[in-house]
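Notes follow the structure.
The values are calculated or read from the model by the stated rules, or taken from the named source; none is laboratory data. Model, not experiment: these values are computed from the prediction. As a convention, Cβ positions derive from the backbone with ideal geometry for all residues, glycine included, and neighbour counts pool all protein chains shown.
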Amino acid sequence: MKSFFFCYNGSVASYLKHIKGIPFITQAISPKDGQHFWLFEQTEELSQGLRDYKAMREQQKQA
């Protein structure tokens, strides 16, 4: 059974797609609250991309 990651942060979604080359399945607007989101398949590559993004943001805060 596949797992999915709902990304509600445009900066994170852009990083994953454009920097890490991880394609999203779809982008949509949540009917519940009107928020834009990107849907990714949960993979080890995605998990590593999220760890890399977090590390990059932490380095930027320290600079």
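Taken over the stretch 11-37, the criterion of being of a type outside the set (Ser, Thr, Tyr), surrounded by 12 or more Cβ atoms within 10 Å (Cβ to Cβ) and within 20 Å of residue 56 (Cβ to Cβ) is satisfied by 12, 13, 16, 17, 19, 20, 22, 24.
Within the stretch 1-22, residues that are modelled with pLDDT of 95 or more have Cβ atoms under 9 Å from residues that are loosely packed, with under 12 Cβ neighbours inside 10 Å and in a strand (DSSP E or B) in no pair, counting only partners at least 6 apart in sequence or on another chain. Of all residues in the stretch 43-56, those that are loosely packed, with under 13 Cβ neighbours inside 10 Å and either modelled with pLDDT under 95 or not small (Gly, Ala, Ser) (or both) total 5.
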